[in-house]
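Since the structure comes first, as structure tokens, the remarks are kept for the end.
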Amino acid sequence: MACGRVLKTHRKEFSMKTRVVHQSRLVLIVCLIAFGLPGISYAQWRSNWVTSVAYSPDGDAVATGNFDDRVRLWDVETGKLRATLRGHTDVVWDVAYSPDGRRLVSASFDKTIRFWDATTGELLNTLTGHRDDIFSVSYSPGGNAVASASRDQTVRFWDATTGELLNTLRGHTAGVVSVSYSPDGRRLVSGSFDETVRLWDVATGELLNTLEGLGNICSVAYSPDGGMLASANGNTIHLWDAATGELLNTLEGRADFVAYSPDGRTLASATSRVYSVRFWDVTSYVGGEPTAVAEISWGRIKRHLQGRATGVLETKGTKR
């Protein structure tokens with residue numbers, strides 16, 4: 001099932017879609033580990049559907065969003081649960097750490113954004129304003145602001161210290177499901193079910209560019225140097241020049257989520273339909289096949305999750 005169908009499904013159908021979402025997000029976790037991040041035990045996660053995952057900047061902790069309306073903090077070294085953060089009243093769809101690792105922000109289908117002390121788990125602030133489910137939340141590189149994306153077709157900027165609403169970006173004509181800051185924090189890219197990717201000036205809220213006809217966008221990401229954008233629509237990955245909006249390459253392959261490696265040389269994509277992670281060499285914009293480290297099948301992931309109480313996923317091949 002593509003991400004568009006998953007996220008557009010009515011809330012009453014959650015019981016039918018939770019398994020698909022859980023599996024697709026687990027694939028994304030594998031994607032993160034494949035880039036060399038520390039491994040942890042996943043045994044504790046099986047009883048609660050995980051919707052999102054984020055590593056703390058120092059790599060010592062992992063935060064997860066869950067279908068049971070809670071945020072959980074995990075110790076990376078031991079795999080033990082550090083804290084369970086309660087306050088949301090509906091699915092927690094996305095979580096993100098502040099750049100300094102002191103705070104955590106969560107986005108929920110209860111239409112709120114919540115800030116937490118990442119050390120104590122204390123609820124610091126609750127932001128309201130979105131009129132529908134919130135799909136994505138992202139800290140600015142400087143940590144002073146947070147961007148959120150919602151089914152209400154808007155992107156909103158919030159002051160990360162006082163919680164003040166700084167700006168509301170309108171223009172999308174369907175739910176906005178993914179947002180990503182440029183590395184310098186001056187621009188924001190958003191992806192929507194209206195089949196567009198839009199680039200915004202963070203300071204002014206001005207719409208800088210609209211990339212159209214792309215299918216229901218599931219995920220967008222800036223490259224680490226800010227020069228390139230990646231978008232995924234479930235079936236195709238598009239690579240764009242971030243400054244001009246020029247299409248650089250089209251990678252054919254099912255992809256619901258995309259993420260760049262820290263050095264920007266490799267793009268990882270994950271999909272829920274065949275339960276695999278692929279790694280693409282994007283340095284030359286040539287090709288269309290995954291690199292040699294290629295695919296991790298869902299069968300392998302499933303064996304690790306179900307067969308070992310403290311199993312850690314492994315990836316063979318060269319890490320880029």
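Table for the structure above
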{"item": "Estimated FRET transfer efficiency (Thr89, Glu252; beta-carbon r; R0 45 Å; 0.05)", "result": "0.65"}
{"item": "Percent of Cα pairs exceeding the 24 Å cut-off, where the set is the range 140-263", "result": "21 percent"}
{"item": "HN-Hα J in Hz across the range 58-66 - Karplus 6.51, -1.76, 1.60, θ = phi - 60°, x for Gly and Pro", "result": "8, x, 8, 9, 10, 10, 10, x, 9"}
{"item": "In order through the range 231-236: 3J(HN,Hα) via Karplus (6.51 cos²θ - 1.76 cosθ + 1.60), integer Hz, x for Gly, Pro", "result": "9, 10, 10, x, 10, 9"}
{"item": "Long-range amide H partners of Gln153 with built H, under 5 Å", "result": "Val176"}
{"item": "Hz values of 3J(HN,Hα) by residue in the range 254-269 - Karplus curve (6.51, -1.76, 1.60), Gly and Pro given as x", "result": "4, 8, 9, 9, 10, 8, 7, 5, x, 8, x, 7, 10, 10, 9, 10"}
{"item": "Placed amide H near Ser136: partners under 5 Å, 5+ positions off or other chain", "result": "Ala149"}
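Read-outs throughout are calculated quantities, based only on the coordinates presented, and are distinct from any laboratory measurement. The structure displayed is predicted, hence computed values, not measured ones. Note that each Cβ is placed from the backbone with ideal geometry, even for glycine, and that neighbours are counted across all protein chains shown.
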